[in-house]
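Every number in this text was worked out from the coordinates using simple rules, so none of it is lab data. In this text the structure is predicted, and so the values were computed from the model without any measurement. Neighbour counts run over all protein chains shown; Cβ positions are idealised from the backbone, glycine included.
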Amino acid sequence: MTLDHLLADIAQDHAELTAIRQDIHAHPEMGLEEVRTAGIVAAKLREWGIEVTEGVGVTGVVGVIRGTRPVGPSNRNTAIGLRADMDALAIPEQTGVEYASKNPGVMHACGHDGHTAMLLGAAKYLARNRDFAGTVNLIFQPAEEGRGGANAMLKDGLFERFPCDAIYGLHNMPGYAAGKFGIRKGAFMAGTGAWKVVFHGTGGHGGAYPHKSTDVSIALAQYVMAIQTVVSRNVSPLDTAVISVGSIHGGSNQSPNVMPSEMEITGTMRAFDKDVMATIDRRLTDLAHAMAGANGCTAEVTLRWGTTPLINASEQTDVALAAARALVGEGSVHPNTPATTGGEDFAFMMEQRPGAFIFLGNGVNEDGSTHQVHTPHYNFNDAVIPYGVAYWAQIVQQELGA
């Protein structure tokens, strides 16, 4: 099928896919709670004659489309996976659109409604255009936003039940022009984690008997300063790492003369290398105990990496580049897009199968401004749905169409 015919074929579904996207947007669901969304996905796949398995990793859905052509020696792979995420975020929506969230305090602030709609569009297109050799597994993943959806699907035997030689993911990117694509080989997104330290002391009367108390506020203050040295003095200048403080809690503003017996500090950590991740873990722990010990206190440290670094495989990145270039041309595809310290749950799947993850421009507002993901004014741009559908179709052509 020529590119013009491909785009014309996809265009006929745009209105339907937009309606699906806006319906999902109006009914957002948190991770591992995507019962309604998963039901819509499964129903649409069955309507289009696609084999469906529900409940993969709690609320995940997998559709399987088998090509009509025999697999030959020229086929690099015989089965691939295309993945979209389905969950929403705990953010009150402020977009003002008529299809705004009907679930108070929850909204699709990252475009997963659009990702789901685009993969559904690819499913419908491929269901009626099966002239390829091999199998396409459509992976609708729950709980990308920190609730472990990728690992839930993997533990449920995702790749044993639905074998994939290679896997591909896509995410919209506000600020990129609609239809622009960005990707890079190697480390593309960071491993992301959260840390918490609770300092324990005796507490006491801050006015009359401070000298008879162990002061957790001093231990915490010294800790805040000490962790600033981790990136600058424990991580190579050639590597990237981030450690940031997110919250500090302790004492009561109603009792300013009371020295608290406990103070808590939390934060985030990011890195592109597992050795760097291990260094961060070790230094955050050592410094907590050192600062606590220096002040007669104790420290309780909790560390959790929510995602692993996302590494784009060379071969699959070349496939993604070829697919995007065939769709929008060389000038609209950026092969050396800067890496981001944002995280992506799909990275866990990419540890088990080689793959590539690409950004698709979500456009800009008429005044040139952009509402970033994870903000209450963000909204997925329905105009880019055909680009996403066509990209998926091109991936299948690159991998299974020869």
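Tabulated data for the structure shown
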item	result
Between helix 274-294 and the chain: long-axis angle, C-alpha atoms, 0 to 90°, nearest 10	20
Radius 13 Å from Cβ of A278, net charge of other residues (Lys, Arg +1; Asp, Glu -1)	-2
Cut-off 12 Å between beta-carbons: net charge of the residues surrounding A166, Lys and Arg +1, Asp and Glu -1	-1
From phi via Karplus (6.51, -1.76, 1.60), per-residue ³J(HN,Hα) for segment 218-234 in Hz, x at Gly/Pro	5, 4, 5, 4, 5, 5, 4, 6, 5, 6, 5, 8, 4, 5, 6, 10, 10
M263 long-range amide H proximity, modeled H, under 5 Å	F199
Crossing angle, helix 385-400 versus the chain [Cα axis fit, 0-90 degrees, rounded to tens]	70
Calculated P(r) tail over 19 Å for segment 191-305, as whole % of Cα pairs	46
Total charge dipole magnitude, the chain, about the Cα centre, Cβ charges on Lys, Arg, Asp, Glu only, Debye to nearest 20	620
Among R161, R353, R147, residue whose mean-square fluctuation peaks in a GNM of the chain (springs only between Cα atoms under 10 Å)	R161
Amide H partners (placed H, <5 Å) of E93, local residues excluded	G105, V106
Whole-number percent relative contact order across the chain, with pairs defined as alpha carbons under 8 Å at least 6 apart	25
Ordering of 102-113, 209-220 by burial proxy (mean other Cβ atoms within 10 Å per residue, highest first)	102-113, 209-220
Phi-based couplings in Hz for segment 316-324 (Karplus 6.51, -1.76, 1.60; Gly and Pro marked x)	6, 5, 4, 4, 4, 4, 5, 5, 5
Calculated [θ] (222 nm, deg cm²/dmol) that DSSP helices of n ≥ 4 give over the chain, each run adding -39,500 (n - 2.57)	-10500 deg cm²/dmol
Under Karplus coefficients 6.51, -1.76 and 1.60, residue-wise ³J(HN,Hα) of segment 116-130 in Hz, glycine/proline x	4, 5, 5, 6, 4, x, 5, 4, 5, 4, 5, 5, 9, 9, 9
